Amino acid sequence: MVIAKRSHGRGREREPKVRTNRMIRANEIRVVADDGGQLGVMSSDDAIALAEDKGLDLVEISATSKPPVCRIMDYGRYKYQMSKKAHEAKKKQTIIHVKEIKFKIKIEKHDYDFKVRNILKFL
């Protein structure tokens, strides 16, 4: 699937942009049916009409191939499934916190005791 990432300009990235239906710019595209079967190469207008007849969307899967590959699918359901997968993956990830405390040569007794208490809390 072709994904173009766009950023806000502040370092954070937005949700990937996927071309669907009338946003597909190619004249000729290779179409994959909703059941996974090949429908062959056809014009984008014919493919969009075919998808609309089935009540589904035409989604661009690979824009870099010649001709581009598009699939007929329910795009809303696809986005929902992808968000669920991302949520599950985020739930299973482990976060490792590395904590560090530095002692200098000239350290006061209170500062030393304070840092030692924090070390014991970390462990």
Going by amide H atoms built from the backbone, whose H comes under 5 Å of the H on V32, apart from near neighbours? L39, C70, R71, I72
Helix-only [θ]222 nm of the chain, DSSP H runs n ≥ 4, -39500 (n - 2.57) each, per residue, nearest 500: -11500 deg cm²/dmol
Amide H of D57: which non-local residues (sequence gap of 5 or more, or other chain) have their own amide H closer than 5 Å, using H built in the peptide plane? M73, D74, Y75
In order over the stretch 28-38: 3J(HN,Hα) from phi, Karplus 6.51/-1.76/1.60, θ = phi - 60°, whole Hz, x for each Gly or Pro, gives 10, 9, 8, 10, 10, 6, 5, 8, x, x, 7
What ranking do 56-64, 71-79, 104-112 get when scored by the average of other Cβ atoms within 10 Å per residue, highest first? 56-64, 71-79, 104-112
Computed over the Cα atoms of the stretch 52-123, the Rg and Dmax in Å are 27.2, 79
Give me the compactness ratio for the chain, meaning the Cα radius of gyration over 2.2 N^0.38 Å. 1.91
Note to self: with every protein chain in place and a 1.4 Å probe, the chain gives an accessible area per residue in Å² of 81 Å²
Roughly how many percent of the accessible protein surface of the chain is carbon and sulfur, given a 1.4 Å probe and a whole-percent answer? 51 percent
Lysines within cross-link reach of K102: Cα-Cα under 17 Å, excluding same-chain residues under 8 positions apart? K115, K121
Using a cut-off of 30 Å between alpha-carbon atoms, which lysines can reach K84, once sequence neighbours fewer than 8 places away in the same chain are excluded? K5, K17, K54, K92
Would you mind working out the magnitude of the charge dipole of the chain relative to its Cα centre, with +1 at each Lys and Arg C-beta and -1 at each Asp and Glu C-beta, to the nearest 20 Debye? 1280 debye
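Can you give the FRET efficiency to the nearest 0.05 for M42 and M82, using r as the Cβ-Cβ distance and R₀ = 25 Å? Show your work: numbers first, answer last.
Values: r = 27 Å, r/R0 = 1.07.
About 0.40, to the nearest 0.05.
The values are calculated or read from the model by the stated rules, or taken from the named source; none is laboratory data. Note that the coordinates shown come from a computational prediction; the quantities given were computed from them, not determined experimentally. Note that we place each Cβ from the backbone using ideal geometry, even for glycine, and neighbour counts take in every protein chain shown. Just so you know, the surface numbers come from the protein's heavy atoms only, side chains and all, with ligands and any DNA or RNA stripped out. Shrake-Rupley method; radii C 1.70, N 1.55, O 1.52, S 1.80 Å.
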